[in-house]
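Below is one structure, written out as C-alpha cells; the observations come after it.
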Amino acid sequence: MKPTIGFIGLGLMGKPMAHNVLRAGYRLIVWNRTPSRADDLVRAGALRAASPQETAAQSDLLVTVVSDPPALEQVLWGPSGAMNGLRAGSVLIDSSTVSPELAQRVAQACLTRGVDFLDAPVTGGTWGAAKGELVFMVGGPPETLDRARGLLETMGQKIFLLGPHGAGQTVKLGMNLLLALEVDAFAEALALVTAAGVEAERLVEVMQSSMGRAPLLDVKAPLMLKGEFPASFPLRLMHKDLRLALDLAREHGVELPAGQAAYATYSKVKDSASDDPDYSAVLRFWKMKHD
Ligand code: NA7
C-alpha cells in the first residue's frame, strides 16, 4: 500500500506540487494557514487537517513548502506545530528555501524524535511545479532519499543528492544568486539600451541568436518588455533568498560584491511595491529613477 503523504504550505509552489502527489494516487492530508487555499485539493480528494501537528501525526512522509525561515519555524515549532505530531519512523521533507543552518537544526530535532529528514528545495518555477518537472536539490543521508524518492518523482524529474543536511539549501541559494544576478543584469542592459535610443526588442533579438534558448529569454524577457510582472516567483521571496545567500557568504568569509549590489536594487523595488510582483519587476528600479 502507498504511504500517506502530508503537505503543509499550499502557495504558488506547494499547491501544484500537492496536486501531483494526489494525481499519483497517494492518500494526501493537507494544511495551509489560509484554509481556503486547500479547497480545490480537498474537492479533488485530499483530506484537510486542523493543524500542522494533526497533519504530521497522520503522515508517513510529510512535505513542507512555506515562505521563509520564520514560516518554517512557525509550522514546525509554533502552536500545534508539526514537530510534535511527527511519528518515529516517518520522514520530513522540507522543500522551502531556508538557511542551511535552519535545515541542520530541523535535522537535529528530527533525529531526537527518530524521524528522518531531508532538505529538498526545488528549482523550476511554478510551471515546473505544475508539470511535475521540478529539480530537487537534496541534503541528507542517501538511505533517507531512497525512502522519499518515489514521492519526489511525482513532483520532479531530476533529484540531486548534494551532501549532508543543509547542502540542498546551500546549492539552492547559489542557484538563486545566479538567477537574481541574471535577471538584474538583463534589466540593466535593457535600461542602458533603451536610454541610448535603441528599442528593447532589438537587444532581445540579438540575445536570442547569440545566447540560444534560456528561461530568461523564453519566460521572463517577453513579460519584462511588456512591463508585466505576474508573480511566478515573487520578488519578496527572491529578496529573502539573496539575503540568505549574503548571510551564508558572510558566515564563510566570502565577498559577493555583485550580490550586494543586486540586493540593494531588489530591496529598493520591494520597499516601494504596493503589489506582490514577480522578481523580474526589478526592472522597475530604472523606472523609479525617472519618475
Ligand atoms: P507563496 O506563494 O508566498 O506561499 C507561501 C506559503 O507559506 C503559503 O502556503 C503561506 O500560507 C505559507 N506561510 C507563510 N508564512 C507562514 C506562517 N507564518 N505560518 C504558516 N504558513 C505560512 O510562496 P511559494 O509557494 O512561491 O514558495 C514557497 C517556498 O518555495 C519558498 O521558500 C520559496 O522561496 C521556494 P498562506 O497561504 O499565506 O496562509
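The values are calculated or read from the model by the stated rules, or taken from the named source; none is laboratory data. Values in this document were obtained by computation on a predicted structure and should not be read as measured data. Glycine gets a Cβ as well: all are built from the backbone with ideal geometry, and neighbour counts include every protein chain shown. Areas reflect the complete protein model, heavy atoms only, side chains present, ligands, DNA and RNA absent. Shrake-Rupley method; radii C 1.70, N 1.55, O 1.52, S 1.80 Å.
Could you look through the range 5-16, keep only residues that are outside any loop (DSSP other than H, G, I, E, B) and more than 16 Å from VAL91 (Cβ to Cβ), and pick out the one that is most open to solvent (accessible area, probe 1.4 Å)?
Residues of the range 5-16 that are outside any loop (DSSP other than H, G, I, E, B), as a first pass: 5-8, 14-16.
Of the ones still in play, those that are also more than 16 Å from VAL91 (Cβ to Cβ) are 14-16.
Working: GLY14: 1, LYS15: 51, PRO16: 27 Å².
Only one residue tops the list, namely LYS15.
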### Residues of the range 236-265 that turn out to be over 14 Å from TYR279 (Cβ atoms), part of a helix (DSSP H, G or I) and of a type in the set (Asp, Glu), as a count
2
### Scan of the range 104-124 for residues that are open to solvent by less than 40 Å² (accessible area, probe 1.4 Å), farther than 17 Å from LEU242 by Cα and not in a loop (DSSP other than H, G, I, E, B), ordered by number
VAL106, ALA107, ALA109, CYS110, PHE117, LEU118, ASP119
### Set ASP60, ASP94, ASP116: member being within 11 Å of the ligand (Cβ to nearest atom) and touching a strand residue (DSSP E or B) at 6+ places or on another chain (Cβ under 9 Å)
ASP94
### Summary
Residue count, the range 162-186, condition surrounded by fewer than 22 Cβ atoms within 10 Å (Cβ to Cβ) and of a type in the set (A, V, I, L, M), comes to 8
## Note on the structure
For the range 1-26, pairs from a residue that is farther than 20 Å from ALA50 by Cβ to a residue that is within 16 Å of the ligand (Cβ to nearest atom) and part of a loop (DSSP other than H, G, I, E, B), with Cβ under 7 Å and 6 or more apart or across chains, are LEU12/ALA231; MET13/VAL65; MET17/VAL65; ASN20/GLY132
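Please determine whether any residue of the range 25-45 is in contact with a Phe, Trp or Tyr (Cβ under 9 Å, 6 or more places away or on another chain), hydrophobic (A, V, I, L, M, F, W, C), surrounded by fewer than 17 Cβ atoms within 10 Å (Cβ to Cβ) and modelled with pLDDT of 95 or more.
Taking the range 25-45 and keeping what is in contact with a Phe, Trp or Tyr (Cβ under 9 Å, 6 or more places away or on another chain), we get 28-32, 38, 41.
Now drop any that are not hydrophobic (A, V, I, L, M, F, W, C), which leaves 28-31, 38, 41.
Adding the requirement that they be surrounded by fewer than 17 Cβ atoms within 10 Å (Cβ to Cβ) leaves none.
Checked the range 25-45: no residue is in contact with a Phe, Trp or Tyr (Cβ under 9 Å, 6 or more places away or on another chain), hydrophobic (A, V, I, L, M, F, W, C), surrounded by fewer than 17 Cβ atoms within 10 Å (Cβ to Cβ) and modelled with pLDDT of 95 or more.
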### Query
Of the residues that sit in the range 225-250 and are without any contact (Cβ under 8 Å) to a residue 12 or more places away in the chain and open to solvent by 60 Å² or more (accessible area, probe 1.4 Å), which one is nearest to the ligand (Cβ to nearest atom)?
GLU228
